[in-house]
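Reading through the C-alpha cells given below for one structure.
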Amino acid sequence: MTSSIVARDPETGDLGVAVASRFVAVGAVVPWARAGVGAVATQALPDGHYGPDGLDGLLGGAAAEETLAALVAADPQREHRQAGIVDAAGRTATYTGSRCLPWAGGRTGPGVTVQGNILGAPLSSTR
C-alpha cells in the first residue's frame with residue numbers, strides 16, 4: 001500500500017509532498033519538490049524521471065495538467081504508474097494507470113492531489 005499527498009498552502013505558497021508506504025526508503029523515490037515551482041509524487045511502479053522531468057516542465061512554464069500529460073504520454077510503462085502534481089499556482093493533476101494494483105486511484109482539489117494504491121476499498125479514479 002502506498003498513499004501520497006502533494007499540496008500547496010494557499011496563504012504562503014509553500015509546497016510539499018508526503019508519502020506513506022510499506023516499502024522501505026520510499027521517501028527516496030516518490031516525493032519531489034522545488035520551491036516556487038511545484039511538487040510531484042510518483043508511485044505504484046515509480047519512475048525516477050517523473051520528479052525531475054516534471055519539475056523541469058513546470059519550471060518551463062507548463063501547468064500541472066500539461067506537465068503530467070507529457071510525462072504519461074512519453075512513458076511506455078504508464079499503465080503501471082501513479083503520479084500527482086501541484087504547480088506553484090496551485091493547479092493540480094493526478095494520474096492512475098489502468099494496470100495499477102486493485103483499488104487504486106487519485107483525487108484533486110484546490111491546491112491538493114492525493115493518490116493511493118492497494119487501498120482498503122474502491123476509490124473513484126481519474127484513470
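Listing for the model above:
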{"item": "Selection status of residue 67, over 18 Å from residue 104 (Cα atoms) and touching a residue at least 12 places away in the same chain (Cβ under 8 Å)", "result": "yes"}
{"item": "Count of residues meeting criterion [over 24 Å from residue 105 (Cβ atoms) and of a type outside the set (Lys, Arg)] in the range 1-34", "result": "9"}
{"item": "Some residue of the range 4-14 being closer than 24 Å to residue 98 by Cβ, touching a strand residue (DSSP E or B) at 6+ places or on another chain (Cβ under 8 Å) and at pLDDT below 95", "result": "no"}
{"item": "Answer from 30, 26, 40 - the residue that is out of contact with any Lys or Arg (no Cβ under 8 Å at 6 or more places or on another chain), under 16 Å from residue 6 (Cα atoms) and in contact (Cβ under 8 Å) with a residue 40 or more places away in the chain", "result": "40"}
{"item": "Looking only at the range 27-38, and only at residues there that are more than 14 Å from the chain's Cα centre (by Cα) and aliphatic (A, V, I, L, M), the one that is farthest from residue 90 (Cα to Cα)", "result": "28"}
{"item": "Qualifying position, being under 14 Å from residue 41 (Cα atoms), out of contact with any His (no Cβ under 6 Å at 6 or more places or on another chain) and hydrophobic (A, V, I, L, M, F, W, C), among 73, 89, 93", "result": "93"}
{"item": "Counted residues, the range 35-66 - those being touching a His at 6+ places or on another chain (Cβ under 9 Å) and surrounded by 23 or more Cβ atoms within 10 Å (Cβ to Cβ)", "result": "2"}
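The values are calculated or read from the model by the stated rules, or taken from the named source; none is laboratory data. Please read all numbers here as calculations on a predicted model, not as lab measurements. So basically every Cβ, Gly included, is an ideal-geometry build from the backbone, and we count neighbours across all protein chains shown.
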